[in-house]
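What follows is a single structure, written as structure tokens, with notes after it.
Rule-based calculations on the coordinates, nothing more; no lab input. Remember, it's a predicted structure, so these values are computed and weren't measured experimentally. Cβ atoms come from the backbone with ideal geometry, glycine included; neighbour counts cover every protein chain shown.
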Amino acid sequence: MDVQAWTWIFVGSSFALYIAIAFWSRARSTGEFYVAGKHVSPIANGMATAADWMSAASFIGMAGLISFLGADGAVYLMGWTGGYVLLALLLAPYLRKFGKYTVPDFVGERYYSQTARLVAVVCAIFISFTYVAGQMRGVGIVFSRFLEVDITLGVIIGMGVVFTYAVLGGMKGITYTQVAQYCVLIFAYMVPAIFLSLMIAGNPLPQLGFGGANEAGLWVLDRLDGLQHELGFSSYTEYDWSMINIACITGALMLGTAGLPHVIIRFYTVRRVRDARISAGWALLFIAVLYTSAPAIAVFARTNLLENVPGQSYANAPTWVSAWEDSGLIAWRDHDGNGAIHYTDGSAFKGKPSYEAHPDGRPMRGEHGQRLVKNDDVDGVNELYIDRDIMVLANPEIAGLPPWVIALVAAGGLAAALSTAAGLLLVVSSAVSHDLLKGTIAPQISERGELRAARIAAAFAVIMAGVLGIYPPDYVAAVVAFAFGLAASSFFPVIVMGIFSKRFNREGAIVGMTCGLLFTTAYIVWFKFISPETNNADHWFLGISPEGIGIIGMLLNFITGIGVSMLTSPPPDDVKKLVESIRIPGEG
Amino acid sequence: MQPGDRHRAYFKANLKVIAVLLAIWAFVSFGCGIFLAPWLNEFRIPGTGFKLGFWMANQGSIYVFVLLIFIYVWIMNRLDRAYGVEESD
């Protein structure tokens, strides 16, 4: 059987499984729709959280990104796992004790203010939509590359599946499908990783394999550093970026992780405070399986790439090169006209490839059969453009693994994208039906009315997400930094202060959130959209890139919030009592 | 002890646990994984090709994060019982 047949089998049967689970776990009340009736076991919640958290970016994108960044890629590894320690120690148990359904709920009650609640609603919706756009695009890429269906059709199929289980099942349906999706995605991630590790280092555990030796008896990492130098790249195992920038990006990703509403909301679904604590541990353990394999995959992929492609003539290059060229994710421009692929540091041309085509739509090809690109030239001699996103998806092909492994990776990528999309859509729907409708506009709404509103909001959010996936705005990648910066500079400080300080009040929260948000937004918008040509270390504030600026926004939020709280009157007594009660697991 | 005093003492103990665990958290990630990494890279983990700083950033810090949460859970469950604030089933 070929790859495509295997892919249809894996994708089809995993989709059928998700829908079956959705029917089995339909939500019948708002409590079930928002927080799965608070009856999820800690291990199941850990798995669901892991699937919720690990998105198309973690599954498809991260290892590829690391393989191009080398040591600097560790900011993602530490940033996206370290946040769980903060979540477990500073947020999860207390928010579970609070027990209401959403993050804006907590902000609204703790700061006795509808304004604060509305600011939180806007942040939650913005962060979630930013993220969802990326997931749907991931779905589209997998469908177009492996099933050769149109991206639009791929996104519509994905939407249909998410629609079924998110709208029917709410949090309950999402939780149990996420458990299944975790199993699918981790299996799909580990199988090729184990194969690669065996091939390159002769060790079945990738975590150990990339510290092992290759067939020639050389350390895998030393061999890679050697290849990097030969081709004119910097060392793989040493940092290139400035220390302050690495620390700030890591910190912003950690704090952003801890402030993401779709992750926080998962800790409302368990029965007790102690279950919330332990499910954070399970979640990180399940996440760590993938996150400790990713750097190994990055090293194997980079080694494979550097050993097999540079110096080859285009005609003799491995077949995956032209396959991904057809998907628009690889391009080769023969600067020196010798027919061989010269790969070194620097860009091959300006921007992402835009291919030349004949008037009838057929691609225009050069003398070696390569697709021609019309992008402007840049200085430098590098001839190869490789989209970082393809490394994980192309890995099984690069390593020559059997077709079913390649198909498995496609199903895993879809599981990662769909599970995250569903979690995000639930945040949007509960923000609309619970916080806007029930909390602000129509407090008298009946339980059934609210449940119907939640379903309509979820349906609407799915359609919006699909549209964003079909017509992806150019700035998707740019706004991901935004989602984390925003979560770090808005939610994290006010939630932490809301728990650990009885003096922090409404005025402090509103001023703090606003200052943190405005500063972070302004900085990112300036460097990403208004003045992108100055987006480099010479112009950055203290040498901190837009990806890491959330840290400064967060500090600003803390400082202005505490200052304003000190100058205004303390919170009312019932709020102080609320704070006391969320600090104690039992009683009260 | 009055319930109020007991709760305050419990929360104080809780804060101490958080402070110690977060200090370790910061030391392995920002310390060993980032600021000390270039220096740690002069050493290798015996029997492997890993430079120590690179390994801490790519692997070691993540293992410690997982351990920290499970240690936290274990300590807190004991504290809950010691101060009589555990939840009923």
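Go through A:Ile297, A:Thr49, A:Ala399 and say which Cα lies farthest out towards the positive end of the charge dipole of chain A; charges sit on Cβ, +1 for Lys and Arg, -1 for Asp and Glu. Working it through, the farthest residue towards the positive pole turns out to be A:Thr49. Each of B:Ala82 and A:Ser242 was given a label point 7 Å from its Cα along the Cα-to-Cβ line. The distance between the two points is 4.5 nm.
Other residues within the sphere of radius under 12 Å centred on the Cβ of A:Val579, judged by their own Cβ, net out at +3 (K and R +1, D and E -1).
Remark: for residue pairs A:Lys38/B:Lys12; A:Lys100/A:Lys172; A:Lys100/A:Lys577; A:Lys350/A:Lys528; A:Lys172/A:Lys577; A:Lys100/B:Lys12, the C-alpha separation exceeds 23 Å in A:Lys38/B:Lys12; A:Lys172/A:Lys577; A:Lys100/B:Lys12. Taking every alpha-carbon pair within chain A, the share separated by more than 31 Å comes to 50 percent. If the chain linking A:Lys352 and A:Phe500 were pulled fully straight, counting 0.36 nm for each residue of separation and taking away their Cα-Cα distance, it would gain 48.6 nm. Remind me, relative contact order of the stretch A:104-165 in percent, using alpha carbon pairs under 8 angstrom and six or more residues apart? It comes to 20 percent, rounded to a whole number. When peptides A:458-470, A:174-186 are ranked by their average number of other Cβ atoms within 10 Å per residue, the highest-first order is A:174-186, A:458-470.
Residue by residue, the stretch A:498-505 carries 3J(HN,Hα) couplings of x, 8, 9, 10, 8, 8, 5, 10 Hz when phi is fed to the Karplus relation 6.51 cos²θ - 1.76 cosθ + 1.60 (θ = phi - 60°); x denotes Gly or Pro. Semi-axis lengths, largest first, of the ellipsoid equivalent to the stretch A:186-343 are 37, 20, 18 Å, with √(5λ) applied to each eigenvalue of the Cα gyration tensor. Basic side chains Lys and Arg get +1 at the Cβ, acidic Asp and Glu get -1 at the Cβ, and with that the dipole of chain B about its Cα centre reaches some 240 debye. Using alpha-carbon positions, what is the distance between the centroids of the stretch B:1-52 and the stretch A:381-439, in Å? That distance is 32 Å. For the stretch A:148-164, putting each phi into the Karplus relation 6.51 cos²θ - 1.76 cosθ + 1.60 with θ = phi - 60° gives couplings of 6, 9, 4, 3, 4, 4, x, 5, 5, 4, x, 4, x, 5, 4, 3, 4 Hz, in residue order, rounded to whole numbers and with x for Gly and Pro. Extents of the stretch B:29-82, largest first, come to 46, 24, 13 Å (Cα atoms, principal axes, whole angstrom). Dipole magnitude for the protein assembly as shown: about 3120 debye, using +1 per Lys or Arg Cβ and -1 per Asp or Glu Cβ, origin at the Cα centre.
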